[in-house]
1. Given the options Glu136, Glu42, Glu208, which has the most mean-square fluctuation in a GNM of the chain, springs set between C-alpha atoms less than 10 angstrom apart?
2. Apply the Karplus curve 6.51 cos²θ - 1.76 cosθ + 1.60, θ = phi - 60°, to the phi angles in the range 49-65 and return the couplings in whole Hz, x for Gly and Pro.
3. Non-local amide H neighbours of Glu208 (under 5 Å, H modeled in plane, Pro and chain starts lacking H): which ones?
4. Given Lys96/Lys147; Lys7/Lys96; Lys7/Lys106; Lys96/Lys123, which pairs have Cα atoms separated by over 19 Å?
5. If I stretch the segment between Ser30 and Leu65 completely, what's the gain in nm (0.36 nm per residue apart, minus their alpha carbon distance), one decimal?
6. First compute the accessible area of the chain with a 1.4 Å probe, then give the percent of it belonging to carbon and sulfur atoms.
7. What spacing in nm lies between the two simple spin-label points modelled at Asp45 and Ala155, each 7 Å away from Cα in the Cβ direction?
8. Can you tell me which of 7-14, 169-176, 52-59 comes out highest on packing, and rank the rest after it, using the mean Cβ neighbours within 10 Å?
Amino acid sequence: MANEHEKENAAIAAMEYVEDGMTIGLGTGSTAKYFVELLAEEVADGLVVRCIETSEQTRRLASSLGVPLIPFEQVERIHLTVDGADEVDPQGQLIKGGGAALLREKIIANASDHMVVIADPSKQVERLGKFPLPVEVTPFGYTITAKLVYDVLAASGIDRPRVELRSLSNGELVVTDGGNHILDCHCGRIPDAEALAARLSNVPGVVEHGLFIGLARTVIIGNENGATVFEFS
């Protein structure tokens, strides 16, 4: 189980990448929350930054703490994005989207000069796939899209995949900040994450998927005593 102290230590280490005058993308999730809180403390002490949130949840948190936010339309450059992950492999490939914010997260990560991923050791895996892969799909035709996604998973060498629509405790389907639905794809093990990412992107009705390939330049894994930093080109 994740240790909150490990998450916080990862966030503390990520603060080393923050510089005065930066435009920063703020991630979503329990580990990213620590980073937003730490950033707010530095802002209160005089740090000058501008930030862009990856979700309404993060927007509310950042606003409540006095972190300055700007609309994405006003951004010319994002210097740094700090976000969490649901899984990270030794190559820095990620599964994200457990918080249903993968579309905004990927747009902002892709637009950033530097993406830093912060996580606790429970998120480290040898191969992606144990965590269900989120796929964001349009409400129109989502049942057909789900079947196509299943076919892609099966054709990608995933043994007996299972595709489920994410729903709330009351049975209503999850609606993302973009107004879409989420398919949770139970893969067990993804033989080739890069190939699967390309195939999923070609499915009509798929808005975005939770495979983040080649986006994380730095991965920070918090531990009880500090953090371990992995750099990727």
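1. The residue with the greatest mean-square fluctuation here is Glu42.
2. Computed from phi, the couplings for the range 49-65 are 9, 10, 10, 10, 8, 9, 7, 5, 4, 5, 4, 5, 5, 4, 4, 5, 9 Hz.
3. Result for Glu208 returns Glu136.
4. Numbers: Lys96/Lys147 22 Å; Lys7/Lys96 16 Å; Lys7/Lys106 21 Å; Lys96/Lys123 11 Å.
Over 19 Å apart, Cα to Cα: Lys96/Lys147; Lys7/Lys106.
5. This chain segment gains 11.0 nm when fully extended.
6. Working: 5410 of 10970 Å².
Result for the chain: 49 percent of the exposed heavy-atom area is carbon or sulfur.
7. With each label point 7 Å from Cα toward Cβ, the separation is 5.4 nm.
8. 7-14, 52-59, 169-176
The values are calculated or read from the model by the stated rules, or taken from the named source; none is laboratory data. No experiment lies behind these values; they were computed from the predicted model shown. Cβ atoms come from the backbone with ideal geometry, glycine included; neighbour counts cover every protein chain shown. We work out accessible area using only protein heavy atoms, side chains counted, and drop any ligands, DNA or RNA first. Shrake-Rupley method; radii C 1.70, N 1.55, O 1.52, S 1.80 Å.
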